[in-house]
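Input: a single structure, listed below in structure tokens.
Just so you know, all these numbers are worked out from the coordinates, no wet-lab data involved. Bear in mind that the values here come from a model prediction, so they are computed numbers and not experimental data. Note that we place each Cβ from the backbone using ideal geometry, even for glycine, and neighbour counts take in every protein chain shown.
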Amino acid sequence: MNRQDISRNPDDPRLGFRAWLLTDTPSSRLHARCVAFYAGWLKLRSNTMAMVGLGILILLVLVAAFAPWLAPHDPLAQNLAGRLQPPLSESHLLGTDSLGRDILSRLIYGSRITLYIVALVALIAPIAGLLVGTIAGYAGGIVDAILMRITDIFLAFPRLVLALAFVAALGAGIENAVLAISITAWPPYARLARAETLTIRNSDYISAIRLQGAGPIRIITRHIWPLCTSSLIVRVTLDMAGVILAAAGLGFLGLGAQPPSPEWGAMIAEGRRFILDSWWVATMPGLAIFTVSLAFNLLGDGLRDVLDPKEGG
């Protein structure tokens, strides 16, 4: 079966659902979207490293979802008699920390905190950046100048330093850490959305829509935002590694999730006192952060090739 045979008779039930997705002549707008999505999935699937990253992230989600059943011990239960046990000792696969808590169980429950932070930042920062960037790019003039100067102010400071300042002002805690990271993460999305909007707003496509009576809000939300989405998705995926590192940095400094919460950065901070004699206490959460960050980068590179070929090379 080839695409030419499918295109001759795309509605033939004998060709199956896969043939329906591979047709060159979609019968509706929804059908066309399904065909484009499936073509993108096939291209992503051919990227081995991207699939490795996707597999790691799916595993992370499953581990977080089934943490109560996967964790061999209570992540908060202390056992001072069994403190600082090395990996593969008794019933502790990855050893125990300075309070005798099982490191594997704390890593498993810590995956929930990591996903919580990633999900909230991925919802707040890109949406805020998209809103600011598209308004600045479409309106132009004084509005563009003001919004972009505000963006430049945020970009002038290192993200972690600015996040530290906001958390210090808001108070320690995971919610405040998420808010601080989101506040510092939106400017790159605003720049990207503005650049996309500037290339789109004067196109014949937008001019035709404007002549039909569409207002600025409708043009931005219905026609410009969808065209900016693919670039933002790629940027979000690539930025998640930085978000995880920023959250871990805040936790390491005691400004993120508070004890006894099993946050990976806080676990590294606790283990740094024993790094020479009990290396596993800090190394295990460090490897978890490294693995998840690498997975997001691998998946982001694959999505860039699919959604933005001119950038992916």
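Things to note:
- Around the Cα centre of the chain, unit charges on the Cβ atoms of Lys, Arg, Asp and Glu (plus for the first two, minus for the last two) sum to a dipole of about 740 debye.
- Summing charges over all other residues whose Cβ lies under 13 Å from the Cβ of residue 138, with Lys and Arg as +1 and Asp and Glu as -1, gives +3.
- Estimated inter-spin distance, residue 25 and residue 58, nm [label 7 Å along Cα→Cβ]: 3.5 nm
- Ordering of 30-41, 109-120 by burial proxy (mean other Cβ atoms within 10 Å per residue, highest first): 109-120, 30-41
- Amide hydrogen neighbours beyond the local backbone of residue 89, cut-off 5 Å, H modeled: 95
- Using the Cβ-Cβ distance between residue 276 and residue 77 with R0 = 22 Å, the FRET efficiency computed as 1/(1 + (r/R0)^6) comes to roughly 0.25.
- Counting charges near residue 45 (Lys, Arg +1; Asp, Glu -1) among other residues having Cβ under 15 Å from its Cβ returns a value of 0.
- In this label model, residue 238 and residue 203 are separated by 2.0 nm, measuring between points 7 Å along each Cα→Cβ vector.
- Computed over the alpha-carbon atoms, segment 88-145 gives an Rg to Rh ratio of 1.47, Rh here being the Kirkwood radius from the mean inverse distance.
- Multiplying the residue separation of residue 93 and residue 214 by 0.36 nm and removing their Cα-Cα distance gives an extension gain of 37.4 nm.
- Ellipsoid equivalent to the chain - semi-axes via the Cα gyration tensor, in Å: 43, 29, 14
- Considering every alpha-carbon pair of segment 204-286, the percent of pairs per 10 Å bin, from zero through the bin containing the longest distance, is 16, 26, 17, 14, 13, 11, 3, 0.
- Formal net charge of residues neighbouring residue 197 (Cβ-Cβ distance under 13 Å; K, R +1; D, E -1): +1
- With the helix formula -39500 (n - 2.57) applied to DSSP H stretches of n ≥ 4, the chain reaches a computed 222 nm mean residue ellipticity of -23500 deg cm²/dmol.
- Of the residues 180, 255, 208, the one whose Cα sits farthest toward the positive end of the charge dipole of the chain, with +1 on the Cβ of Lys and Arg and -1 on the Cβ of Asp and Glu, is 208.
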